[in-house]
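*Asks:* Starting off with a structure, shown below.
Read-outs: derived from the displayed coordinates by stated rules, not from any lab. All values reported here derive from a predicted model rather than from experimental measurement. Every residue, glycine as well, gets a Cβ built from its backbone with ideal geometry; the counts of neighbours run over all protein chains shown.
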Amino acid sequence: MAFTKGTMILVFCVLALLTLPQSNHGGHISILVSETGLEFAKDFLINKVIATTIPLQLPSIEKKVRIPLIGKVRMGLSNIQINAVNVQSSKIETGGNGIGLSVSGATADLIMDWSYLYKASFFKISDHGNASVKVNGMDLKTTVTLVDNNGSLKIASRGSDCKVRSIGIHINGGASWLYQGYCFV
């Protein structure tokens with residue numbers, strides 16, 4: 001026989017390729033990820049996000065409020081920074097709506113500067129200082145899905161929710177001894 005073992009394998013491969021079903025719908029990729037793989041990816045990504053974003057500087061907040069009998073008061077928070085975030089537990093779920101990530105019992109530590117200013121015709125009242133904030137018992141949920149974006153994959157949010165059990169505020173500077181009582185109300 002003139003056919004060698006290599007030639008037989010080549011002919012078999014060509015015949016197999018010719019008999020595969022052809023599709024005009026474009027290509028696709030299918031990935032099977034195990035539960036252990038999802039847990040590993042979840043833990044890795046949560047830790048990576050925290051490590052790369054903390055400390056996080058937030059934009060300043062300023063608001064003018066009209067107070068009866070007093071007038072307009074300008075209040076502001078500046079130099080707002082998240083210094084620490086700790087996640088007690090987390091869970092990942094897959095389903096028809098996408099991938100759901102839940103974080104329970106998270107805490108966050110923030111620091112900021114505060115100020116207010118009231119100007120009248122002949123006098124001005126102002127005060128300023130800093131504050132530390134402890135956020136306890138944060139429960140966060142978000143659901144994302146992968147969507148086609150002109151041939152590229154894009155992560156789209158399906159919804160999110162956040163609940164906080166308590167917020168502790170400690171005010172320093174100025175007449176903070178007076179204002180601290182309002183933080184416990």
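*Asks:* Cross-link candidates for Lys48: which lysines have Cα within less than 26 Å, leaving aside residues fewer than 8 places away along the same chain?
*Replies:* Lys91, Lys134, Lys141, Lys154, Lys163
*Asks:* Mind giving me the nanometre distance, one decimal, between the label points for Asp127 and Ser89, set 7 Å out from Cα along Cα→Cβ?
*Replies:* Using points 7 Å along Cα→Cβ, the separation is 4.2 nm.
*Asks:* Could you work out how far apart the two model spin labels at Gln180 and Thr36 are, taking each label as a point 7 Å from the Cα in the direction of the beta carbon, and quote it in nm?
*Replies:* About 5.3 nm separates the two model spin labels.
*Asks:* Under 26 Å between alpha carbons, and skipping anything fewer than 8 positions from Lys119 in its own chain: which lysines qualify?
*Replies:* Lys63, Lys64, Lys72
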